[in-house]
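The values are calculated or read from the model by the stated rules, or taken from the named source; none is laboratory data. Given the structure is predicted, the values throughout are model-derived calculations rather than measurements. Methodologically, a virtual Cβ is constructed for each residue, glycine included, from the backbone with ideal geometry; neighbour enumeration extends over all protein chains shown. Surface areas here come from the heavy atoms of the whole protein model, side chains and all, with no ligands, DNA or RNA. Shrake-Rupley method; radii C 1.70, N 1.55, O 1.52, S 1.80 Å.
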Amino acid sequence: MQTKFWDERIKNVPVCKALVDNADKIKEEVLNFIHQPNVLLSYPKYKVTEDCDLYENYWKACPVTDWISEEYLNFSSSPQQRDFFLFLVNRTKQHCPTITNIIKDLEEGGNVANGFISRLLPGTTIHPHRGWISGWVRTHLGLVCDPECKITVGDETRTWEEGKLLAFHDWDYHSVKHTGTQERIVISIDIRITYLEKFILSSVN
């Protein structure tokens, strides 16, 4: 059975190689940035079932890219909310220039969206859910990792490793359970599958 995870399939895609090759610099910039006051905000919490919130305990994030593309939902945000969101995006870009420069062309071309820095603390559970849309691969670069913080996609469970990618189809049901002792920090970006397939097919042929 084919794995639910995409990291091996996409490891030679130029943007993915660039993320790994620059992981140390990205980590340095991200950690310097997020340890400033009021940078990270609680990840939006919604009901995955009538009686179950998306997550328990601590999940905070800040945006690295815009999240609106033709497929992503606008959530009917007000102009004021939209302006605040773009302020957060621009602030992250200024403080994290390495990741910004790596993904800039793909973001402008509509092949990267919904990028964010994600921090979980021990004791956090993210309950099974799936993304809003299909057609994108959620790609994580591990920055600070704990082997007991694990993600399950379908029936397959993995953990993050520092300086390496972990990628999966956001449309598949997935969940996270952090039973370790230290924080888990990743950069998450969504990459359009039709873009990735050009490189995957050419590497096979």
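Every residue in the stretch 53-83 that is modelled with pLDDT of 65 or more and loosely packed, with under 12 Cβ neighbours inside 10 Å, please. Of everything in the stretch 53-83, those that are modelled with pLDDT of 65 or more and loosely packed, with under 12 Cβ neighbours inside 10 Å turn out to be Ser78, Pro79, Gln80, Gln81, Asp83. Considering (1) assigned to a strand (DSSP E or B); (2) open to solvent by 40 Å² or more (accessible area, probe 1.4 Å), the lone condition that Ser188 does not fulfil carries the number (2). Would the stretch 28-49 turn up any residue that is buried (at least 17 other Cβ atoms within 10 Å of the Cβ), under 30 Å from Phe199 (Cα atoms) and not β-branched (Val, Ile, Thr)? Yes - at least one qualifying residue is present in the stretch 28-49.
Condition check: open to solvent by less than 20 Å² (accessible area, probe 1.4 Å), within 23 Å of Pro44 (Cβ to Cβ), touching a Gly at 6+ places or on another chain (Cβ under 7 Å) and in contact (Cβ under 8 Å) with a residue 40 or more places away in the chain. Does Ile126 satisfy that? Full working, then the answer.
Working: open to solvent by less than 20 Å² (accessible area, probe 1.4 Å): yes; within 23 Å of Pro44 (Cβ to Cβ): yes; touching a Gly at 6+ places or on another chain (Cβ under 7 Å): no; in contact (Cβ under 8 Å) with a residue 40 or more places away in the chain: yes.
Taking the combined requirement at face value, the residue does not satisfy it.
Could you list all residues from the stretch 143-156 that are part of a strand (DSSP E or B) and open to solvent by 10 Å² or more (accessible area, probe 1.4 Å)? Steps first, answer last, please.
Filtering the stretch 143-156 for residues part of a strand (DSSP E or B) gives 143-144, 149-153, 156.
Once the filter is applied, which keeps residues that are part of a strand (DSSP E or B) and open to solvent by 10 Å² or more (accessible area, probe 1.4 Å), the stretch 143-156 yields Val144, Lys150, Thr152, Glu156.
Take Gly123 and decide whether it is assigned to a loop (DSSP other than H, G, I, E, B), under 24 Å from Asp53 (Cβ atoms) and modelled with pLDDT of 95 or more. It is true that Gly123 is assigned to a loop (DSSP other than H, G, I, E, B), under 24 Å from Asp53 (Cβ atoms) and modelled with pLDDT of 95 or more.
Screening Pro14 with (1) touching a strand residue (DSSP E or B) at 6+ places or on another chain (Cβ under 9 Å); (2) open to solvent by 50 Å² or more (accessible area, probe 1.4 Å) gives one miss only, at (1).
Being among the polar types (S, T, N, Q), closer than 20 Å to Ala61 by Cα and crowded, with 20+ Cβ neighbours inside 10 Å holds for only one residue in Thr139, Thr159, and it is Thr139. Filtering the stretch 162-175 to residues that are in contact (Cβ under 8 Å) with a residue 60 or more places away in the chain, out of contact with any Cys (no Cβ under 7 Å at 6 or more places or on another chain) and either among the hydrophobic types (A, V, I, L, M, F, W, C) or buried (at least 21 other Cβ atoms within 10 Å of the Cβ) (or both) leaves Leu166, Ala167, Phe168. Restricting the stretch 1-11 to residues that are of a type outside the set (Phe, Trp, Tyr), touching a residue at least 12 places away in the same chain (Cβ under 8 Å) and farther than 28 Å from Phe85 by Cβ, which is most open to solvent (accessible area, probe 1.4 Å)? For the stretch 1-11, the residue satisfying everything is Lys11.
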